1. With B:Asp289, B:Asp359 as the choices, which residue is modelled with pLDDT of 95 or more, closer than 19 Å to B:Gln269 by Cβ and more than 10 Å from every other protein chain (Cβ to nearest Cβ)?
2. Take the residues in region B:144-160 that are of a type outside the set (A, V, I, L, M) and more than 10 Å from the ligand (Cβ to nearest atom); name whichever of them is farthest from the other protein chains (Cβ to nearest Cβ).
3. Which ones in region B:68-94 are basic (Lys, Arg) and either at pLDDT 95 or above or surrounded by 21 or more Cβ atoms within 10 Å (Cβ to Cβ) (or both)?
4. Can you confirm whether B:Gly327 is farther than 23 Å from A:Ser273 by Cβ, within 16 Å of the ligand (Cβ to nearest atom) and crowded, with 16+ Cβ neighbours inside 10 Å?
5. One residue is enough: does region B:212-227 have a residue meeting the conditions surrounded by 17 or more Cβ atoms within 10 Å (Cβ to Cβ), under 17 Å from B:Ala379 (Cβ atoms) and more than 12 Å from the ligand (Cβ to nearest atom)?
6. Name every residue in region A:124-140 that is surrounded by 15 or more Cβ atoms within 10 Å (Cβ to Cβ) and either at positive phi or touching a strand residue (DSSP E or B) at 6+ places or on another chain (Cβ under 7 Å) (or both), in order of residue number.
7. Could you tell me which residue of region B:79-94 is farthest from the ligand (Cβ to nearest atom), considering only residues that are of a type in the set (A, V, I, L, M) and closer than 30 Å to B:Arg414 by Cα?
Amino acid sequence: MQFTFTEEQEEFRRYLRRFLDDKSTPADVRRLMATDDGYDRDVWRQLCNDLGLPAVGIPETYGGQGFGFVELGIVLEEMGRALLCAPFFASAVLAANAILNAGSEEQKRELLPEIASGETIATLAFAEDNGRWDSGGIEMTATKSGDGYVLDGAKSFVLDGHIAGLIVVVARKAGTSGDTGLSFFTVAADASGLDKRLLKTVDETRKVARLQFSSVPATLLGTDGEGAAPLSRTLDQAAVCLASEMVGGAEQLRESALEYAHMRMQFGRSIASFQAIKHKSAEMLLEVELAKSAAYYAAQAAADGANDLPMVAPLAKACAADAYMQAAVQTVQIHGGVGFTWDNDTHLWFKRAKSSEVFLGTPAYHRERLMQHWPA
Amino acid sequence: MSEVTEDSIRQESRAWLEANWDPNLSLVEWRNRLIDSGWGVPTWPVDWYGKALSDPLGRVVAVELERIGAVGVAKTGIRSLAAATILVHGTDMHKEKFLRRILTGEDTWCQLFSEPGCGSDLAGATTRADFKGNKWIINGQKVWTTSAHHAQYGLLLARTDWDVPKHQGLSFFIIDIEQPGVEVQPLRQMNSHASFNQVFLTDAEIAPEYLLNELGNGWAVATTTLMHERRGADSLRRYAQASDRPERVYVEEAAEIGVQLEPYKWYPQRGGRVDLVVERAKATGAFDDPAMRQEIAKLLTLSKAAEWTDRRARALQDKGGPQGPEGSLGKLAASNVARMAAQVHTAIAGSDAMLTGEDGALDGVIAEVLVSVPAISIAGGTDEIQKNIISERVLKMPKEARTDTKGPFRDVPRNTVG
Ligand SMILES: Cc1cc2nc3c(=O)[nH]c(=O)nc-3n(C[C@H](O)[C@H](O)[C@H](O)COP(=O)(O)OP(=O)(O)OC[C@H]3O[C@@H](n4cnc5c(N)ncnc54)[C@H](O)[C@@H]3O)c2cc1C
């Protein structure tokens, strides 16, 4: 297990940070979050063509750059820091890993190069109206029909589901439950019977949609009925990636609170000189550093395909979620009235912290999973 | 000279150990042999029993020692703080006289810093050192002094000048504890053990050559000691484990651990014993309670994250990164882990948390956790002091406005004691 980043990785991070500092300013975030699409096509093109970011985690055989989860984690941490509005998580994390884990060799060769290049924006439609993030929550049915399948039911909390060109869906054979009878499918965005609605979100920087399926034609991805294992693997990997994104955001909040404390004067001195603020700041540093350590460890475990990933992934997710939310609450507090003001940027990260806290499952859900996988 | 690599160090130390390790030597004989070879403290300077290896290479050697089952140099307690301080600030005479016997375990040390009137504010020490005739005469009282009851020497912070600002009037001495002017009284702790003491100094004597660094430079020397103490906070959770093998060296080591370390039996408990949580939860049925599982998971998460943060900090230092107030972050994390562990152990034990000794959970070990954990956030600098250090040194936040550091110490308000 490696506990530091290599010089190349650090250089990659610096490069990304310069790019995102330039292309994803708070003004950009505010502009994009007010749109339905929620991303800037020019920036997305640069991010794909010039930086090749969606390709980072995809193997070279499938048109990717063949780096692993450590590099992907760096990308996400920097995106979380900059609050980048883009369909990266949906496409390069959720959909790409679902296809890698579930798809046949031929399907990977067919689908992944376009995701790697960014030409196709894909997503994973998995959770439903019941808001559950485990396989047991899946009710959508897949019925064999001629050569293919048709899907019936509804998917919700689908990241960028309203703009994705390719939708990876998890559904089950009618009459099955739990981990049995699950399969992955691909569905084209313009398939007949598919109705998409952008949902109103607390965090407008992260768009989620509800997709209604009425006999929607779908193509089986991988093997019929064998979806449970690739699904749990995909969700573990996604939890690790989300943890990286969250610690990036938490670090940004921590720094902004510190900067403000240094600047703000009350009682004839900087508020940074008050011990209550100093101790809060020290606690934030500790919590964010602890969460980073967990996220980095988990990214390495995902990269290594380690056996303890099902224990480490929920640990990192829960740890990052709590640290991010805590940093958000304290950053508003340190800003005082300014922190509660729309024009101040803190609430943008606060809301991302809130959506990330529950997206892919609440901290309590992940702690329960951690317990299930804790070595006996 | 051939290049030093992990492999070369592994091979060299292994070859030496295979040729020289002999469990039938006495403990001191063996440790002397190990010290002379440079493999006992390989990260120390070449002139002083070491090989000037980096920390990661030092760990390679530690693995080899363990592999062959060899006993290492004595490391417990204040002795390693004393050694670190002497290595930085001592003269050749100090190093010659003290270092080897620290490593063999023949001498035990203690840290005479805190006083009844000052703990966090160490620079407010009022134990006095006055130069009379040809020696220093020490008068005052120290308290919470770990190991003083069986120590040969102490690291002493004392005031040598009352007319300058507080930090400038301190000097740092090595004091012989086994002399008539030093009276050590074990002090019972809230957990009933007595690993710390009160130390009364009444015309105790110190020869001039046992002043460390220069007159009035005591604060700088004490800072070296404290930095090492905070950095070691994490290792405080580890403790010596006696072997039951029959050879002489093991028997003597077990005796060292058993007798000398008796007052410290509670040390593992102050860290919270996270290692016992899952097995205790399974034994009591708490493991099946969803609410309990949440609390346990929070603790396991914090404890793992703290462990990995420590690994990150070490990896950074191994790469030549800064060594500084980061130790305070680890110490703070250890306090949080311990506090949370005590809560979880209480919840798991339920009513049994009222009982101790043979009536208590795990023969009293759990009760001992509950009443020992408070030490972690006090000893070696309180949590509040660690947060001050982090905010001021790491986050560069302004220092508190102070009224005690400018004028002569004589005029600074302080506790009246005794
Ligand atoms: C198990 C144990 C072993 C020990 N071993 C040794 C030893 O071997 N040698 C030795 O010299 N000492 C030893 N100590 C003493 C220890 O270092 C002190 O107890 C500690 O530094 C606190 O000092 P104090 O007790 O005087 O508390 P005080 O300094 O009086 O603190 C009381 C409270 O005030 C808070 N406080 C103080 N100053 C500030 C500030 N600036 N900002 C915010 N809050 C503040 C503290 O955090 C604490 O909560 C030991 C203590 C324990 C518990």
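The values are calculated or read from the model by the stated rules, or taken from the named source; none is laboratory data. Keep in mind that what you see is a predicted model, and the values were worked out from it rather than measured. With ideal geometry, Cβ positions are generated from the backbone for all residues, glycine too; neighbour counts draw on all protein chains shown.
1. Of the residues listed, the single one that is modelled with pLDDT of 95 or more, closer than 19 Å to B:Gln269 by Cβ and more than 10 Å from every other protein chain (Cβ to nearest Cβ) is B:Asp359.
2. B:Gln152
3. B:Arg79
4. The answer is yes for B:Gly327.
5. yes
6. Within region A:124-140, A:Leu124, A:Ala125, A:Phe126, A:Ala127, A:Glu128, A:Ser135, A:Ile138, A:Glu139, A:Met140 meet the criteria.
7. This residue is B:Ala82.
Quick grid of which residues meet (1) within 16 Å of the ligand (Cβ to nearest atom); (2) under 22 Å from the mean Cα position of the chain (by Cα); (3) part of a helix (DSSP H, G or I):
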position: B:Ser335; (1), (2), (3): yes, yes, yes
position: B:Gln343; (1), (2), (3): no, no, yes
position: B:Ser351; (1), (2), (3): no, no, yes
position: B:Ala367; (1), (2), (3): no, no, yes
position: B:Ser372; (1), (2), (3): yes, yes, yes
position: B:Gln386; (1), (2), (3): yes, yes, yes
position: B:Glu400; (1), (2), (3): yes, no, no
position: B:Thr405; (1), (2), (3): yes, no, no
position: B:Arg414; (1), (2), (3): yes, no, no
